[in-house]
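Student: Mind having a look at this structure? Questions to follow.
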Amino acid sequence: QNILTVCFSVGYSAVALNHVIDFKDKKQEIIKPVSPSELFPSLPIVQGTSKRIKVLTRLTLVVSDPSHCNLLRSTSANIRLYDIIAVFPKTEKLFHIACTTLDVDLVCINVTEKLPFYFRRPPVNMAIDRGIYFELLYTPAIKDSTMRRYTISNAISLMQICKGKNIVISSAAERPLELRGPYDVANLGLLFGLSEGEAKAAVSTNCRATVLHGETRKSACGIVYTVKKPRKVEEEETAVPACKKAKTQA
Amino acid sequence: MVRFKNRYVLCEVVSEDPRCRQCIEDRALGLAVRDAIARVHGDYGLACCSISFTVKYLNAYTGTVLLRCRKDSYRLLCSALPFVRYLESRAQRYPCFLNTLHVGGTIRTCQKFLIQYNRTQLLRLLQNCTNEEERQCIQKSLLSCSLTEEQSQSGDEEEDDDTE
């Protein structure tokens, strides 16, 4: 909760809380996400504008085996409650599957150790076409020097293949002091090999596009968006015949 | 016209410990930033950035810092600022981080931005105010914010609210 207050004071307008699921443990159930209203009685207002801050929920699946991906196709209700779904592939085959066929919004790129596989152009291009974004973490880089080297080398090798498109930089901050402001994160993007415009987009427009991608995943292909409004149904029913009458009269 | 062009980077020191802000010194901050540049960009980066590197302005009440560097090397400085993790002064380490607010070419532009920023911060504090006196204090200082006034006035008002 402290982390969120620091976030808001620094100037972020939307925050996603991450829940990581690792498949090494045998029994794993997907828990319902923590609703943001439990954390804050009233969400504070963004600095500079008059809108409330959005708190979203996010699920990360650490997959090291193709059979784990079946969980995504299952119709478990709890998965639908998350706004953004991310996958963290550990092998090249899984990276290929994640980029081409899996129904996710983000593909996490490992920053804490040397990548066991090289990126190839075809799956990366297919992911860009599908609207899937690649995610880089920056908190390990702040904490440790060897992780910083791995982060930069992995990030630059990704940049050379995807030319800086579809990148999202996020923090895996566990303490409020590991967070950095949005301007600083965009400057970190310069270190990763992005140009200045791409780095700013990595913090702002790409993130918003990811959230929209998550919303289209919830609705049917982004065309129909159903919202439950139990009380207003009666009003709508009475409104409809009135419209029909108006049409027949006109 | 041959002139050395500088970039002024305006940052805010954010930390959890309330004592940290009172112990901010320009020397300690300069050392911390140089150390971060050395860790990230090595000897070359440190040498490039320290050609004209100084801490121009420091406000201990609000934690505002103004750094100066050459225009050619301000990117190295800006990309190394996220790596500042703590400030060390008088043998005590205070974990903190620097939040970059604005990069400008002259001190005057940074000052204008700072006045606007302080105004929005005071507005935010106004919302959280419970005391009627504080409210009037803040409103008075909001109306009196301008370029010719000294910024220590708005800094003092904010400090009163922080200690409350």
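None of the figures in this text is laboratory data; all of them are computed from the coordinates on show. The structure presented is a predicted model; accordingly, all values stated were derived computationally and were not measured. Quick reminder, even Gly has a Cβ in these numbers, built from the backbone with ideal geometry, and neighbours come from all protein chains shown.
Student: Divide by every residue of chain B the summed helix terms, -39500 (n - 2.57) for each DSSP H run of at least 4, and state the resulting mean residue ellipticity at 222 nm, rounded to the nearest 500 deg cm²/dmol. List each step's numbers first, then the result.
Tutor: Details: 6 runs with 82 residues, N = 164.
For chain B, the value works out to -16000 deg cm²/dmol.
Student: Which of the pairs A:Lys143/B:Lys56; B:Lys5/B:Lys56; A:Lys165/A:Lys200; A:Lys90/A:Lys114 have their Cα atoms more than 21 Å apart in this structure?
Tutor: Values: A:Lys143/B:Lys56 28 Å; B:Lys5/B:Lys56 15 Å; A:Lys165/A:Lys200 12 Å; A:Lys90/A:Lys114 11 Å.
Distance filter (> 21 Å) returns A:Lys143/B:Lys56.
Student: Based on Cα positions only, what radius of gyration and what Dmax would you give for the range B:1-105, in angstroms?
Tutor: Cα only, the range B:1-105: 13.3, 47 Å (Rg, Dmax).
Student: Once the Cα atoms of helix B:152-163 and of chain B are each reduced to a long axis, what angle between those two axes, in degrees from 0 to 90 to the nearest 10, is obtained?
Tutor: 70 degrees
Student: For helix B:107-128, report the angle its Cα long axis makes with the longest principal axis of the Cα atoms of chain B; keep it between 0 and 90° and round to the nearest 10°.
Tutor: 40 degrees
Student: Where does each of A:203-216, A:131-144, A:158-171 land if you order them by average Cβ count within 10 Å, highest first? Don't skip to the answer; put the middle values down first.
Tutor: Numbers: A:203-216: 17.0, A:131-144: 20.5, A:158-171: 19.0.
Highest-to-lowest ranking by the protection proxy: A:131-144, A:158-171, A:203-216.
Student: Could you tell me how far the Cα centroid of the range A:156-205 sits from the Cα centroid of the range B:8-82, in Å?
Tutor: Centre-to-centre distance over Cα atoms comes out at 21 Å.
Student: Can you give the angle from 0 to 90° between the axis of helix B:26-49 and the longest principal axis of chain B, with both taken from C-alpha atoms, to the nearest 10?
Tutor: Between the helix axis and the principal axis of chain B, the angle is about 30 degrees.
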